[in-house]
Amino acid sequence: MTLKKLKSVKFIIQNIRLMTDMVQTISDTLLAELQSILHENIPLTRCMGLKVMECNGKGLLLSAPLEPNINHAATAFGGSLSSAATLACWGMLWLMLKQRDRSACIMVQESNISFVRPVTRDFIAQCYYPSEAALDRLLQMYDNMGRGRIEMQSEIYERSQPCVGFTGKFVLLPE
């Protein structure tokens, strides 16, 4: 194996360890706090029936029932799907900040969503972990300039089938 490949493997192993450490430190208490913040500060989440499920090795998972999010075609309303995808990313950023004993006002700046197939049942919104490098850049920008920006991704799943893809740029501002 070449030195370059060894360094690449070492980098991957370090990132896996970092993500494992992040996952292990996200307590049920912190997830319950996120649930409360969503329901208290974003009333739409109560109406949607949005629930914080877990934060595992793949990322943050939120769930929502179809019934309060149904449209005229008996599928999930696009606005509900967009909201769930956005909130999964927002929630992931909130958790990442909390883990680092930080706080900021998290705002979505720009988003792009692709509706791949209709959602006909209860669904799950999953936000993937940002890379440590992206998170470090975000926090460094925030510390140096009083604002920071990061791109986040999430998907909506129905029975393990991807139905919606979301990419958004989020901004941290002082509270």
Specify the residue that is nearest to residue 118 (Cα to Cα); the eligible residues are those in the stretch 51-69 that are of a type in the set (S, T, N, Q) and within 15 Å of the chain's Cα centre (by Cα). 63
Which residue pairs have Cβ atoms under 6 Å apart, sit 6 or more places apart or on different chains, and have a first residue in the stretch 39-54 that is at pLDDT 95 or above and a second that is in a loop (DSSP other than H, G, I, E, B)? 49/65
Exactly one of (1) in a helix (DSSP H, G or I); (2) out of contact with any Leu (no Cβ under 8 Å at 6 or more places or on another chain); (3) farther than 15 Å from residue 154 by Cα is unmet by residue 138. Its number? (2)
If you scan the stretch 114-135, which residues turn out to be more than 12 Å from residue 156 (Cα to Cα) and in contact (Cβ under 8 Å) with a residue 60 or more places away in the chain? 129, 131, 132
Residue 156 versus (1) at pLDDT below 95; (2) crowded, with 19+ Cβ neighbours inside 10 Å: which is the lone unmet condition? (1)
Spot the failing condition for residue 124; the list is (1) β-branched (Val, Ile, Thr); (2) touching a Ser or Thr at 6+ places or on another chain (Cβ under 9 Å); (3) surrounded by fewer than 15 Cβ atoms within 10 Å (Cβ to Cβ), and only one is missed. (3)
If I ask for residues that are in contact with a helix residue (DSSP H, G or I) (Cβ under 7 Å, 6 or more places away or on another chain) and assigned to a strand (DSSP E or B), which ones from the stretch 83-118 would you list? 106, 108, 111, 113, 115
Is at least one residue of the stretch 106-117 modelled with pLDDT under 95 and within 18 Å of residue 62 (Cβ to Cβ)? no
Go over the candidates 34, 6, 30, 18 one by one and state the one that is in a helix (DSSP H, G or I), touching a Gly at 6+ places or on another chain (Cβ under 6 Å) and either surrounded by 11 or more Cβ atoms within 10 Å (Cβ to Cβ) or modelled with pLDDT under 95 (or both). 34
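The values are calculated or read from the model by the stated rules, or taken from the named source; none is laboratory data. Bear in mind the structure is a predicted one, so any value in this text is a computation, not a measurement. Cβ: placed from backbone, ideal geometry, glycine included. Neighbour counts: every protein chain shown.
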